[in-house]
Amino acid sequence: MTTVAASVPVLRWAAKRARLDDGDLVARFNKWPLWLSGDAQPTLKQLEDFARLTHTAIGYFFLPQPPALALPVPDFRILRDEALAEPSSNLLDTLYLCQQRQEWYRDHARMHGLPALPFVGSARLQEAPEVVAQRLRETLSLSTEARRQMPTWADALRQLIAKAEDAGVMVMVSSVVGSNSHRKLDVGEFRGFALADSLAPLVFLNGADSKAAQMFTLAHELAHVWLGATGVSDTQVGQVPEQQTERWCNQVAAELLMPMAELRAVHERDAPIPDEIQRLAREFKVSTLVALRRLFDAGFISQIALWQHYRVEQERLRTLKERSSSGGDFYHSLGARTSKRFARAIVSSTLEGLTSFPDAFRMLGMRKTATFYEAARELGVTT
């Protein structure tokens, strides 16, 4: 059987960026250790299977060293370890897909004479986060009182997404790459990103995260849009990011979701901290970590108390499992995965003959014409 001389460094690189360990690979390719030692080589069929598994172009395996595939946008993440220096194929492919969607919508907006959105890039880092948060609140017509009346975090998240979409921001939420349920996104790698553009601003949220965490990520990424700063984020609420942009966006997000004046009005000083952050999280529909950080920002707790309770709460949240009733099929719907604004526009354009069905199917993650027409009805494009 004919074998091919695949580059060992590239084999290792492909496995690493696909987040596959040796145990995973030996189960599929029993000679994997021998490939790495150079004592055996894969057949062409095996190399093709490995390329599909790791989502790697097969031509790369004939290079002496791995190619440098950096993020196509600025990286604002906190680098906790070496792994973050090499973006996964799942993150890269999600970014590429969203960039394609944004490019399509930008052309669509120009064709239809849609005006540029004045809020994109309207903020500056030198401005007080409280001032910018108020501008966001006014543009999005947000009301903290209305959010308090929402029964669940999922309902509050839906409302915030709808407000952002109404203002002109495409918000896409998914826990997988495209519509491929086998390619799950890792919250440990990234929580979201923003692609700033005056005609087609786009925010992507990692749907594998909790609803409360997604609320903060969305607010954080909207601050990026107002700043006009494209990039990938890892919004660690309790930590203070090294990068000024991330610190500022965290401050805007916290003030947007949990205004300091309203916190001071409702804070119960005599309540135990664990009970109080639970109550405030329910009240404002944020995470308990956001509530804890805001208590510190307001001067109600010391830094020692912040970190003591932060560690305890972080561990508690780590052990919790997402309730299946907290959103159900919300993220499985086309409008949530691809943004209702984008989905309605491309479906309408396709029905008008301006966009080809193959292009629409690719960007919407569809394969069947029947699914397309069903989505058109669901989105209100057809009756």
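Could you tell me whether residue 255 is within 24 Å of residue 225 (Cα to Cα), of a type in the set (D, E, K, R) and not in a loop (DSSP other than H, G, I, E, B)? Yes: the conditions hold for residue 255. Whether any residue in segment 50-60 is under 30 Å from residue 217 (Cβ atoms) and in contact with a strand residue (DSSP E or B) (Cβ under 9 Å, 6 or more places away or on another chain) is what I want to check. Yes: segment 50-60 contains one or more residues that are under 30 Å from residue 217 (Cβ atoms) and in contact with a strand residue (DSSP E or B) (Cβ under 9 Å, 6 or more places away or on another chain). The criterion of being among the small types (Gly, Ala, Ser), farther than 21 Å from residue 55 by Cα and touching a helix residue (DSSP H, G or I) at 6+ places or on another chain (Cβ under 8 Å) holds for residue 168.
Taking segment 1-21 as the range and being over 17 Å from residue 60 (Cβ atoms) and in contact with a helix residue (DSSP H, G or I) (Cβ under 7 Å, 6 or more places away or on another chain) as the test, only 2 passes. Residue 151 satisfies every condition listed in (1) touching a strand residue (DSSP E or B) at 6+ places or on another chain (Cβ under 8 Å); (2) loosely packed, with under 14 Cβ neighbours inside 10 Å except (1). A single member of 50, 62, 76 is at pLDDT below 90 and in contact with a helix residue (DSSP H, G or I) (Cβ under 9 Å, 6 or more places away or on another chain), and it is 76. In segment 368-383, of all residues being of a type in the set (Ser, Thr, Tyr) and either touching a Leu at 6+ places or on another chain (Cβ under 7 Å) or outside any helix (DSSP H, G or I) (or both), the one that is modelled with the highest pLDDT corresponds to 382.
Listed here are the residues, each with its yes/no results for (1) surrounded by 16 or more Cβ atoms within 10 Å (Cβ to Cβ); (2) modelled with pLDDT of 95 or more.
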residue: 328; (1), (2): no, no
residue: 331; (1), (2): yes, no
residue: 334; (1), (2): yes, no
residue: 342; (1), (2): yes, yes
residue: 345; (1), (2): yes, yes
residue: 348; (1), (2): yes, yes
residue: 362; (1), (2): no, no
residue: 366; (1), (2): yes, no
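In this structure, does residue 288 turn out to be hydroxyl-bearing (Ser, Thr, Tyr), in the same structural domain as residue 119 (by TED's automatic domain parsing), surrounded by 14 or more Cβ atoms within 10 Å (Cβ to Cβ) and under 25 Å from residue 200 (Cα atoms)? So residue 288 fails the test. Pairs meeting the criteria (first residue in segment 156-167 and touching a residue at least 24 places away in the same chain (Cβ under 8 Å), second residue charged (D, E, K, R) and not in a helix (DSSP H, G or I), beta carbons under 6 Å, at least 6 apart or on different chains) are 156/285.
If you check 226, 248 for being modelled with pLDDT of 95 or more, buried (at least 18 other Cβ atoms within 10 Å of the Cβ) and either assigned to a helix (DSSP H, G or I) or not hydroxyl-bearing (Ser, Thr, Tyr) (or both), only one passes: 226. Among the residues that make up segment 126-136, is at least one of them in contact (Cβ under 8 Å) with a residue 12 or more places away in the chain and either in a loop (DSSP other than H, G, I, E, B) or in contact with a Cys (Cβ under 7 Å, 6 or more places away or on another chain) (or both)? No; the residues of segment 126-136 include none that is in contact (Cβ under 8 Å) with a residue 12 or more places away in the chain and either in a loop (DSSP other than H, G, I, E, B) or in contact with a Cys (Cβ under 7 Å, 6 or more places away or on another chain) (or both). If you filter segment 175-187 down to residues that are assigned to a strand (DSSP E or B) and out of contact with any His (no Cβ under 9 Å at 6 or more places or on another chain), you find that the one that is surrounded by the fewest Cβ atoms within 10 Å (Cβ to Cβ) is 182.
Scanning segment 259-316 for residues that are outside any helix (DSSP H, G or I) and in contact (Cβ under 8 Å) with a residue 40 or more places away in the chain yields 259, 285, 286, 287. I'd like to know if segment 83-93 contains one or more residues that are in a loop (DSSP other than H, G, I, E, B) and modelled with pLDDT of 80 or more. Looking through segment 83-93, at least one residue is in a loop (DSSP other than H, G, I, E, B) and modelled with pLDDT of 80 or more. Within segment 11-47, the set of residues being at pLDDT 90 or above, under 25 Å from residue 184 (Cβ atoms) and surrounded by 16 or more Cβ atoms within 10 Å (Cβ to Cβ) comprises 11, 13, 14, 15, 25, 29, 32, 46, 47. For segment 105-121, does any single residue satisfy the condition of being touching a Cys at 6+ places or on another chain (Cβ under 8 Å), touching a residue at least 12 places away in the same chain (Cβ under 8 Å) and not in a loop (DSSP other than H, G, I, E, B)? Within segment 105-121, none of the residues are touching a Cys at 6+ places or on another chain (Cβ under 8 Å), touching a residue at least 12 places away in the same chain (Cβ under 8 Å) and not in a loop (DSSP other than H, G, I, E, B).
Inspection of segment 131-146 identifies at least one residue that is surrounded by fewer than 18 Cβ atoms within 10 Å (Cβ to Cβ) and closer than 18 Å to residue 198 by Cα. Note on segment 24-67: among residues that are among the small types (Gly, Ala, Ser) and part of a loop (DSSP other than H, G, I, E, B), the one that is nearest to the chain's Cα centre (by Cα) is 57.
The values are calculated or read from the model by the stated rules, or taken from the named source; none is laboratory data. These numbers come from a predicted model, not from an experiment. Cβ atoms come from the backbone with ideal geometry, glycine included; neighbour counts cover every protein chain shown.
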